[in-house]
Amino acid sequence: MATRDSMERLITEIKEKIDTAKKELDETNRNGYDVDYDYTNAQTDLEQAEAEIEQMKLSANHQQREQLHRLHLQVSQVLNDMYLDEVDLNEYS
């Protein structure tokens, strides 16, 4: 079973990554800039977060897996928005 501390630490870190990615996504959409290093780095962080979630699920109990699943859905949503916006930005620039 995953410890409470490790779960809380992972959730906090991933929520920070989500917030950073949302800010990058908003800035890129608002300014219409090409995708830059910070945007790409935020994407990479979210991809790593998905892997960390999957790894934590291996040692999590049922309740923790549910919590991790909800977190995974949040990460996936932002990551998908970033992928789609990157395609749109590159297609119409």
Filter the stretch 8-30 for residues that are without any contact (Cβ under 8 Å) to a residue 40 or more places away in the chain, of a type in the set (S, T, N, Q) and under 16 Å from Asp81 (Cβ atoms) and give the result. Thr20
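From Asn29, Asn41, which residue is in contact with an Asp or Glu (Cβ under 7 Å, 6 or more places away or on another chain) and either assigned to a helix (DSSP H, G or I) or modelled with pLDDT of 95 or more (or both)? So that I can check it myself, show each step before the final result.
On the way: Asn41 fails: in contact with an Asp or Glu (Cβ under 7 Å, 6 or more places away or on another chain).
Unique residue meeting the criteria: Asn29.
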Residues Glu86, Glu24, Glu91, Glu54: which one is modelled with pLDDT of 95 or more, part of a helix (DSSP H, G or I) and not aliphatic (A, V, I, L, M)? Glu54
Failed condition for Val35, given (1) touching a residue at least 12 places away in the same chain (Cβ under 8 Å); (2) part of a helix (DSSP H, G or I); (3) of a type in the set (A, V, I, L, M, F, W, C), with all others met? (2)
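Regarding Asp5, is this residue assigned to a helix (DSSP H, G or I), touching a Lys or Arg at 6+ places or on another chain (Cβ under 7 Å) and either without any contact (Cβ under 8 Å) to a residue 60 or more places away in the chain or not basic (Lys, Arg) (or both)?
On the way: assigned to a helix (DSSP H, G or I): yes; touching a Lys or Arg at 6+ places or on another chain (Cβ under 7 Å): no; either without any contact (Cβ under 8 Å) to a residue 60 or more places away in the chain or not basic (Lys, Arg) (or both): yes.
No: the conditions fail for Asp5.
The values are calculated or read from the model by the stated rules, or taken from the named source; none is laboratory data. All of these numbers come straight from a predicted model, not from anything done at the bench. Because the Cβ atoms are built from the backbone with ideal geometry, glycine has one as well, and the counts that use them run over all protein chains shown.
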